[in-house]
Amino acid sequence: MMNYIKAIRPINLFIIAVVQAYLIFYLIRPVLALDGYMPRLSLISSLLFIVTTLLITAGGNIINDYFDLENDKLNGEEKSISDLNSLKLFYNVLRITGFGLAIYIASTIQSMPLVLIYPLAVIVLYYYSKTLKKRGLIGNLVVALFTAMVPAILLIAEPQLLNSNNPNCQKATLIILIFSIFAFMINFIREIVKDIEDVDGDKTINNKSLPISIGIDRTKIFVYFHTVFMLILIMVWTFIAIAYNDFRSIIFNMIFIIAPLTLSILKLSKAKEKIDYHKVATLYKWIMLAGMISLILLINNIIK
């Protein structure tokens, strides 16, 4: 049983749940109330919405393990689950349960896009695990896109935010979009650094990752460019905090996001061994966590 719990990545699921719950209950619902809108998602539907997102993600993790056992062994990441039939059964239970919840939620708020998004997400994650992850940037983009959709999908569930001209709704939309772009970029470059880390195993199983296609040195330059773009994005985020005299966010961003991003460029330039790239990839994961905390600080100061 513990093996299956590890397979769904409970820590990652917890972070996803915290992000969506905070955005729903501390940003979206308060903002809609301030501007006189009734949330489309009820309290129960909001909780079920989060559960559905977790089921999609857990299912993606399970099917990834199903297809990736050989690759994990080559990269020194052996999984203890050996019964592929029970693993596939677990995956099917998760996706069927999630689809049922998605239909229920969509019917309560009369939103057909939410019904369509669930099977689309499951299908894309399935083919990512089976084939797309072996096709370089396409696989990296899929992972980054799904990470970005964790906050962004809330704009589909509560379209009043996008459609409203009220300042509070516009601020909330901007916060969600900036965080979505941040989540996309940090995970995109992290996935590429992980590809450098796993380059030997990927060569063995003929994965067409970016480091294999263009070489490690050119891949590093690619990561540098996107890291600089990330720094510009965080500067914009910080300027928003300045506009609202949110000095906590300014100081936090400087210490825990901007400085580590700058450090990541230095560490990546000096990286030579597998362990060096692993440390850089882990640093990006901590920066992602810092971004989530910065989001909470910004919301607490702006939405009053």
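Observations on the structure shown:
- Peptides 163-174, 215-226 ranked from most to least packed by the mean count of surrounding Cβ atoms within 10 Å: 163-174, 215-226.
- Kirkwood Rh in Å, taken over region 111-181 so that all alpha-carbon pairs contribute: 13.6 Å
- Exceeding the 24 Å Cα-Cα cut-off - candidates Lys88/Lys279; Lys130/Lys279; Lys6/Lys272; Lys88/Lys208; Lys203/Lys272; Lys130/Lys208: Lys88/Lys279; Lys130/Lys279; Lys6/Lys272; Lys88/Lys208
- As a rough guide to protection, the peptides 180-192, 13-25 ranked by mean Cβ packing within 10 Å, highest first, stand as 180-192, 13-25.
- Kyte-Doolittle mean at least -1.0, axial Cα span of 18 Å or more - DSSP H helices of the chain: 10-23, 43-74, 84-109, 112-130, 137-152, 167-197, 216-243, 274-302
- Translational D in µm²/s for region 89-148 (Stokes-Einstein at 25 °C, 0.890 mPa s, Kirkwood Rh from C-alpha pairs): 195 µm²/s
- Looking at the chain, the accessible area is 49 square angstrom per residue; that uses a 1.4 Å probe and ignores ligands, DNA and RNA.
- Net charge, Ser294 excluded, C-beta distance under 14 Å - Lys, Arg +1, Asp, Glu -1: 0
- Shown for the chain: the carbon plus sulfur share of the solvent-accessible area, taken with all protein chains present and a 1.4 angstrom probe, equals 68%.
- Among (1) 59, 45, 30; (2) 64, 44, 34; (3) 69, 43, 34, the entry derived from the coordinates for Cα extents along the principal axes in Å: (1)
The values are calculated or read from the model by the stated rules, or taken from the named source; none is laboratory data. All values derive from a computational prediction rather than experimental measurement. Cβ sites come from the backbone with ideal geometry, for glycine too, and all protein chains shown count toward neighbours. Ligands, DNA and RNA are excluded from the accessible area calculation, which covers all protein heavy atoms including side chains. Shrake-Rupley method; radii C 1.70, N 1.55, O 1.52, S 1.80 Å.
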